[in-house]
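Trainee: Have a look at the structure that comes next, please.
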Amino acid sequence: MPSEYREIVLGLVEATNESRVNWYIDRHDVQVRLQDAVVKLWSGTDEQTDVPFVSFALTDLKGKMIDTWFLDQGAKDYDHVFKLYSDARRKALGIPQKLESLRAQLNGNGMIGASPGSFPEDDDEIPF
């Protein structure tokens with residue numbers, strides 16, 4: 001990772017763990033909107049090498065790319081940046097709250113789960 005981003009990434013990891021970052025999911029990435037920029041993270045596998053990667057981008061508020069970089073799995077800081085991506089994605093999808101709700105239901109005595117007819121009908125997929 002570029003050295004000027006080290007403190008920023010570590011700060012985002014800490015703030016994300018403290019639930020102080022309002023991450024949200026876009027089509028292919030997880031983002032946080034700042035006053036004058038947007039931080040975007042995404043992960044995937046290189047089609048030619050099959051090596052997993054994680055990417056970091058900084059855009060202006062209109063979406064114009066300002067800076068971007070990526071790390072392949074095995075690179076020095078890959079684990080830190082991938083953890084940030086993974087934690088940010090989990091927060092954006094509300095996974096901690098959903099797990100807490102499930103734990104509460106499991107600890108209760110009532111019926112768990114809704115009948116199939118009460119599921120939402122939209123066919124939105126969960127982005128990965």
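Trainee: Answer yes or no: is there a residue in the stretch 3-18 that is touching a strand residue (DSSP E or B) at 6+ places or on another chain (Cβ under 6 Å) and buried (at least 17 other Cβ atoms within 10 Å of the Cβ).
Mentor: no
Every residue, every condition in (1) assigned to a strand (DSSP E or B); (2) within 11 Å of the chain's Cα centre (by Cα); (3) free of Cβ contacts under 8 Å to residues at least 60 places away in the same chain, yes or no:
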site	(1), (2), (3)
Ala15	no, no, yes
Ser43	yes, yes, yes
Asp50	no, no, yes
Ile66	yes, no, yes
Trp69	yes, no, no
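Trainee: While we're looking at this one, here's another question. Confirm whether Pro120 is modelled with pLDDT under 90, surrounded by 14 or more Cβ atoms within 10 Å (Cβ to Cβ) and out of contact with any helix residue (DSSP H, G or I) (no Cβ under 6 Å at 6 or more places or on another chain).
Mentor: no
Trainee: OK, next. Can you report the number of residues in the stretch 11-41 which are touching a helix residue (DSSP H, G or I) at 6+ places or on another chain (Cβ under 7 Å) and within 20 Å of Lys76 (Cβ to Cβ)?
Mentor: The qualifying residues number 3.
Trainee: Just give me the residues in the stretch 19-33 being outside any strand (DSSP E or B) and at pLDDT 95 or above, in sequence order.
Mentor: Those that are outside any strand (DSSP E or B) and at pLDDT 95 or above: Arg20, Val21, Asn22, Trp23, Asp29.
Trainee: Next question, about the same structure. Please specify each residue of the stretch 56-79 satisfying the condition of being under 23 Å from Asn17 (Cβ atoms) and either surrounded by fewer than 17 Cβ atoms within 10 Å (Cβ to Cβ) or among the charged types (D, E, K, R) (or both).
Mentor: Answer for the stretch 56-79, where residues must be under 23 Å from Asn17 (Cβ atoms) and either surrounded by fewer than 17 Cβ atoms within 10 Å (Cβ to Cβ) or among the charged types (D, E, K, R) (or both): Leu58, Trp69, Gln73, Ala75, Lys76, Asp77, Asp79.
The values are calculated or read from the model by the stated rules, or taken from the named source; none is laboratory data. No experiment lies behind these values; they were computed from the predicted model shown. Here the Cβ is made from the backbone with ideal geometry for all residues, glycine too, and neighbour counts use every protein chain on show.
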